[in-house]
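Since the structure comes first, as structure tokens, the remarks are kept for the end.
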Amino acid sequence: MQPFAFTEEQNMLREMVRDFVNTEVKPLAREIDEQERIPPELIRKIGELGLLGTVFPEEYGGGGFGEIGYCIAQEEMARGCSSTATLIGAHMSIGSNAIYIGGSEELKRKYLVPLARGEKLAAFGLTEATAGSDSFNVRTRAVRDGDHFIINGEKLWITNAGIADIVSLFCRTDRGVTAFVIETQWEGYHAGPPEKKMGIRGSTTNPITITNMRVPAENMIGQEGRGFLIAMKTLDAGRLGLGACCVGTAKEAIELSTRYAKQRKQFDQPIANFQAIQFMLAEMYTLTYAMESIVYRAAADYDAGKKISTQSAMVKLFCSEALDRVVDLAVQIHGGMGYSRELPLERMYRDARINRIFEGTSEIQKLVISHDVLKRNGAWL
């Protein structure tokens with residue numbers, strides 16, 4: 001199910017990641033979910049393989065594969081473990097990418113290079129109690145003090161916060177929302193206990209408290225007061241990676257369901273012979289084909305330098321909603337076994353639900369899309 005002509009290099013990347021996922025990630029997926037942590041040794045191996053910098057140019061320590069390559073890698077990773085794919089996405093597609101999008105050359109050399117090489121891990125600090133869907137309403141405060149800023153505030157639901165070395169942090173200054181790079185070893189940083197979540201349990205999600213942290217002014221990402229724009233551009237790319245994860249999970253659900261339908265017998269024949277099962281598989285396959293198509297079309301546009309805010313919102317909306325349907329049908333095909341922890345479908349069902357919430361809820365994506373439709377007066381993209 002590949003409607004695009006991927007390059008030989010991109011196909012080699014897919015095969016490399018798939019082999020790694022099959023041998024290193026899938027065998028640990030159940031343990032990762034139950035223990036609610038990704039083993040540091042696995043994170044180290046992912047970094048050594050270059051999968052923490054796939055999207056970035058080689059000059060900054062990355063793989064040079066661009067957004068298409070990143071989506072390929074995330075698609076394959078999500079087939080094995082959504083928690084691991086989430087850790088990678090939070091690190092690379094939003095935590096590190098904010099520095100790549102808005103940071104000075106000095107910041108990129110100092111922070112992006114070790115992040116892309118997998119030597120350090122990143123997080124993205126935007127969400128607060130008053131700034132969820134209303135992400136402009138951040139209250140974390142950065143006050144100028146000579147050649148430093150003093151930062152105080154709290155963040156919620158920050159992926160990787162408890163294990164990250166570096167955070168792209170969004171604060172409010174006198175000129176508006178402003179982004180900074182902070183190091184978690186600096187005095188004043190505290191990550192609270194990880195949240196107990198329904199799904200993606202292996203991906204740690206923590207609150208952050210920042211108390212009187214002194215941050216050098218040169219650690220500002222972009223211009224003062226332009227942080228919100230950096231955050232939105234960063235999330236545009238992040239939503240494409242999230243869509244790719246949905247594609248990977250959906251493909252895995254189809255593979256598991258097809259195999260099971262051929263093996264499971266009722267009324268003296270495989271359930272794959274029954275039209276009810278065939279129709280479920282047909283719907284799953286069609287939804288996944290559409291998901292894959294819009295993900296890679298938008299990724300190609302992004303790599304071509306096009307503005308993709310509306311497209312990324314459509315990817316996020318459609319893929320997250322479609323995946324819920326796909327995994328629900330997969331559980332239905334498996335019957336009682338789909339509800340059992342013995343098979344990965346139960347975990348995939350729980351993991352899928354978050355996609356309609358984080359990196360912008362489905363409702364926010366509809367606002368972005370509808371505003372663009374009205375502005376265009378109905379004209380197509």
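The values are calculated or read from the model by the stated rules, or taken from the named source; none is laboratory data. This is a predicted model, so every value here is computed, not measured. Here the Cβ is made from the backbone with ideal geometry for all residues, glycine too, and neighbour counts use every protein chain on show.
Residues in the range 164-173 that are free of Cβ contacts under 8 Å to residues at least 60 places away in the same chain and in a strand (DSSP E or B) were compared, and the one that is farthest from Cys245 (Cα to Cα) is Thr173.
Does the range 149-160 include one or more residues that are buried (at least 24 other Cβ atoms within 10 Å of the Cβ), part of a loop (DSSP other than H, G, I, E, B) and outside the structural domain of Val17 (by TED's automatic domain parsing)? Yes, because at least one residue in the range 149-160 is buried (at least 24 other Cβ atoms within 10 Å of the Cβ), part of a loop (DSSP other than H, G, I, E, B) and outside the structural domain of Val17 (by TED's automatic domain parsing). Counting only residues that are in contact (Cβ under 8 Å) with a residue 40 or more places away in the chain and within 20 Å of the chain's Cα centre (by Cα), the range 133-159 holds 7 of them. In the range 240-277, the residue that is farthest from Asn22 (Cα to Cα) out of those that are crowded, with 24+ Cβ neighbours inside 10 Å and hydrophobic (A, V, I, L, M, F, W, C) is Leu240.
Residues checked against (1) of a type in the set (Ser, Thr, Tyr); (2) touching a strand residue (DSSP E or B) at 6+ places or on another chain (Cβ under 8 Å):
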| position | (1), (2) |
| --- | --- |
| Ile271 | no, yes |
| Thr288 | yes, no |
| Ala304 | no, no |
| Ile308 | no, no |
| Ser320 | yes, no |
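One residue stands out among those in the range 183-208 that are surrounded by 15 or more Cβ atoms within 10 Å (Cβ to Cβ) and of a type in the set (S, T, N, Q): the one that is nearest to Leu87 (Cα to Cα), which is Ser203.
If the condition is being β-branched (Val, Ile, Thr) and farther than 15 Å from Ile158 by Cα, then the range 85-105 contributes Ile99, Ile101.
Taken over the range 1-44, the criterion of being within 19 Å of Glu119 (Cβ to Cβ), in contact (Cβ under 8 Å) with a residue 24 or more places away in the chain and of a type in the set (D, E, K, R) is satisfied by Arg44 alone.
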